[in-house]
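Read through the structure below, which is laid out as structure tokens, and then see the notes.
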Amino acid sequence: MIYMDNAATTRVKAEVLQAMLPFFCEDYGNPSSVHAPGRAARKACEAARRQAASYLGAEAREIYFTSCGSESDTWAVLGSAYAPGNTRRTLVTTQIEHKAVLNAAKNLERNGLCVRYVPVDAQGMVDMSALENAVDKDTFLVSVMAANNETGGIQDIARAAQIAHDAGALFHTDAVQAAHSCRGILSTQSIDMLTLSAHKLHGPKGCGILYIKEGVELGSTVFGGSQERGRRGGTENLPSIVGAGKALELLSTDGKSEYVAALRARLENGILGNIPGTHINGQPDARVPGISNITFDGVDGEALLLNLDLKHICVSAGSACTSGSVDPSHVLIAMGKTREQAQSSVRFSLSDENTAQEVDTVIETLIEITHRLRKMSNSYGR
Ligand code: PLP
């Protein structure tokens with residue numbers, strides 16, 4: 001198998017799994033219990049919190065463990081709307097956010113709050129002057145993702161945070177796809193909330209992180225006991241939390257970004273140089289290293305994906321299949337692509353586990369499949 005869908009999820013690194021294993025059958029205490037196994041579990045949980053804090057340049061008490069990136073995003077959006085004392089009624093976000101933010105925003109709209117969705121340019125960059133115009137004294141939160149999950153496009157979150165703060169609003173960033181570039185970020189940038197998800201960085205599924213800056217008030221979205229400083233109820237998913245901490249610790253020393261960027265360049269040069277009618281979507285110079293979104297003119301993205309799957313190559317289409325119909329990607333549509341272009345787009349997402357040989361195999365396979373599919377559909381080049 002050649003796995004190039006690392007923006008969807010990643011393989012758990014062996015060291016991460018090793019760190020997690022004792023917490024299933026040996027040190028399986030509940031961190032809230034006062035007995036020895038409970039205390040051992042608490043110690044492991046707090047060690048993971050320090051690992052996450054150290055990676056981000058935050059204080060351990062500012063790190064909150066959740067069940068996934070989606071929960072962290074939801075908490076940031078709903079929690080700031082319903083924060084004790086908040087009287088503002090407007091959320092400002094962008095058209096290209098992950099559905100976790102967009103659907104939380106829709107929930108607020110259904111409850112009578114106002115949401116402004118800022119557009120992006122043809123390369124997927126958030127229009128900062130539109131953001132500036134959208135934010136006012138009624139804005140309680142500005143949420144702009146650090147990197148887009150479909151194109152890898154990196155946003156100017158320092159500027160976005162400045163715009164939010166100038167209006168007295170909070171600033172949240174979904175950094176799920178930007179984890180590699182978040183080392184120490186909170187020691188230099190003024191961000192109120194930041195989302196990460198362990199399974200996107202060779203950690204396990206079942207653990208998200210929400211950084212909440214000290215002093216920021218948020219309503220709760222998961223009620224229960226006094227876990228997570230009384231702000232997010234629920235017994236901690238200790239093995240996943242330990243895995244998340246370890247994955248972040250490994251990330252701080254991996255230094256693999258250049259390697260991944262070189263692999264992507266090889267992939268893109270190979271595709272664009274050998275397959276006519278192919279285009280990179282997004283701003284080529286402002287992307288996270290591993291993500292490449294490419295339109296193959298006259299080729300159905302789903303068909304391409306399924307044919308690649310038959311050859312044991314895993315990628316994602318730039319569209320999502322919901323209730324039987326293929327919806328074009330909201331991100332590509334926001335960038336001004338037509339429905340057809342969006343449906344002819346595929347996302348390749350690489351990690352440091354991919355090799356140059358795999359890249360070459362993917363290129364050769366794509367040359368063969370696109371040629372065949374275009375011949376069958378008979379529409380390309382007419
Ligand atoms: N935000 C972004 C940018 C993502 O890419 C994803 C996952 O695809 C999420 C949030 C949601 O993370 P999770 O799968 O942990 O819920």
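The values are calculated or read from the model by the stated rules, or taken from the named source; none is laboratory data. Note that the structure is predicted; figures quoted are calculated from it, not measured. Because the Cβ atoms are built from the backbone with ideal geometry, glycine has one as well, and the counts that use them run over all protein chains shown. Note: accessible area is taken over every heavy atom of the protein model, side chains too, but ligands, DNA and RNA are not part of it. Shrake-Rupley method; radii C 1.70, N 1.55, O 1.52, S 1.80 Å.
How do 185-197, 349-361, 201-213 rank on mean C-beta neighbours within 10 Å, highest first?
Working: 185-197: 21.5, 349-361: 18.2, 201-213: 25.0.
Taking the mean over residues of other Cβ atoms within 10 Å, the ranking is 201-213, 185-197, 349-361.
Please list the three semi-axes, largest first and in whole Å, of the ellipsoid equivalent to the chain, using sqrt of 5 times the eigenvalues of its alpha carbon gyration tensor. Walk me through the intermediate numbers first.
On the way: eigenvalues 256, 143, 59 Å².
For the chain, the ellipsoid semi-axes come out as 36, 27, 17 Å.
Under a point spin-label approximation (7 Å from Cα along Cα-to-Cβ), what is the VAL222-CYS25 distance to one decimal in nm?
With each label placed 7 Å out from Cα toward Cβ, I get 2.6 nm.
Is the shape of the stretch 152-271 rounded, prolate or oblate, going by the alpha carbon gyration tensor and its root eigenvalues a ≥ b ≥ c, with a/c under 1.5 for rounded and a/b larger than b/c for prolate?
On the way: a/c = 2.47, a/b = 1.31, b/c = 1.89.
Since a/c reaches 1.5 but b/c is at least a/b, the shape of the stretch 152-271 is classed as oblate.
Can you count the Lys pairs in the chain whose Cα atoms are under 24 Å apart, with each pair 8 or more apart or on different chains?
Going through the chain pair by pair, I get 24.
Extension gain LEU17-SER377, at 0.36 nm per residue separation less the Cα-Cα distance, in nm? Each step should come with its number before you reach the end.
Details: separation 360, 0.36 × 360 = 129.60 nm, distance 4.56 nm.
Taking 0.36 nm per residue and subtracting the Cα distance, the gain is 125.0 nm.
What FRET efficiency, computed as 1/(1 + (r/R0)^6) with R0 = 35 Å and r the Cβ-Cβ distance, is obtained for GLU368 and ALA286, rounded to the nearest 0.05?
Numbers: r = 32 Å, r/R0 = 0.92.
Plugging the Cβ-Cβ distance into 1/(1 + (r/R0)^6) gives 0.60.
With r as the distance between the Cβ atoms of HIS165 and VAL34 and R0 = 41 Å, compute the FRET efficiency 1/(1 + (r/R0)^6) and round to 0.05.
0.45
Modelling each spin label as a point 7 Å along the Cα-to-Cβ direction, I'd like the THR188/TYR82 distance in nm, to one decimal.
In this crude label model, THR188 to TYR82 measures out at 3.7 nm.
Pairs of alpha-carbon atoms within less than 8 angstrom and 6+ residues apart define the contacts here; what relative contact order does the stretch 19-129 have, in percent?
On the way: 105 pairs, mean separation 16.3, N = 111.
Here the relative contact order equals 15 percent.
Which three semi-axes in whole Å describe the equivalent ellipsoid of the stretch 207-288, each the square root of 5 times a Cα gyration tensor eigenvalue, listed largest first?
41, 17, 12
State whether the stretch 5-49 is rounded, prolate or oblate according to the following rule on the C-alpha gyration tensor (a ≥ b ≥ c being the square roots of its eigenvalues): a/c under 1.5 gives rounded; otherwise a/b larger than b/c gives prolate, and the remaining case gives oblate. Numbers along the way, then the final one.
Details: a/c = 3.16, a/b = 2.34, b/c = 1.35.
Cα axes put the stretch 5-49 in the prolate bin.
Which listed residue (VAL362, THR338, SER349) has the Cα farthest towards the positive end of the charge dipole for the stretch 336-382, taking +1 on Lys and Arg C-beta and -1 on Asp and Glu C-beta about the Cα centre?
THR338
Using a 1.4 Å probe on the protein heavy atoms, what percent of the accessible area of the stretch 14-251 belongs to carbon and sulfur? Kindly include the intermediate steps, with their values, before the conclusion.
Values: 4800 of 9330 Å².
Of the solvent-accessible surface of the stretch 14-251, carbon and sulfur hold 51 percent.
Percent relative contact order of the chain, based on C-alpha pairs within less than 8 angstrom and at least six residues apart?
Numbers: 792 pairs, mean separation 83.5, N = 382.
Relative contact order here is 22 percent.
With a probe of 1.4 Å, find how much accessible area the chain has per residue, and write the answer as a whole number in Å².
Details: 16080 Å² over 382 residues.
I get 42 Å² per residue for the chain.
For the stretch 14-251, what is the percent of antiparallel DSSP beta bridges, rounded to the nearest 5?
On the way: 11 of 25 bridges.
Bridges in the stretch 14-251 that DSSP calls antiparallel: roughly 45 percent.
With label points built 7 Å along Cα→Cβ from the Cα atoms of THR253 and ARG61, find their separation and express it in nm.
Going by the 7 Å Cα→Cβ label model, 2.9 nm.
Report the local net charge at GLU228: Lys and Arg +1, Asp and Glu -1, summed over other residues whose C-beta lies under 12 Å from its C-beta. Don't skip to the end; give the middle numbers.
On the way: positive: ARG49, ARG61, ARG229, ARG231, ARG232; negative: GLU46, GLU62, GLU71, GLU236.
With Lys, Arg at +1 and Asp, Glu at -1, the neighbours total +1.
In degrees, nearest 10, range 0 to 90: what is the angle between the Cα axis of helix 99-110 and the longest Cα principal axis of the chain?
70 degrees
Find the centroid of the Cα atoms in the stretch 1-42 and in the stretch 93-121, then give the distance between the two in whole Å.
The stretch 1-42 and the stretch 93-121 have Cα centres separated by 33 Å.
Arrange the peptides 95-103, 226-234 so that the one whose residues have, on average, the most other Cβ atoms within 10 Å appears first. Each step should come with its number before you reach the end.
Details: 95-103: 20.8, 226-234: 15.9.
Taking the mean over residues of other Cβ atoms within 10 Å, the ranking is 95-103, 226-234.
Report the calculated FRET efficiency for TYR117 and SER181 (r = Cβ-Cβ distance, R0 = 22 Å), to the nearest 0.05. Please report the intermediate quantities before stating the final value.
Numbers: r = 25 Å, r/R0 = 1.13.
Once the sixth-power term is evaluated, E becomes 0.35.
Using the alpha-carbon atoms, what tilt in degrees (0 to 90, nearest 10) does helix 69-81 show relative to the longest principal axis of the chain?
60 degrees
Compute the long axis of helix 238-254 from its Cα atoms, compare it with the longest principal axis of the Cα atoms of the chain, and write down the angle in degrees, 0 to 90, nearest 10.
Between the helix axis and the principal axis of the chain, the angle is about 60 degrees.
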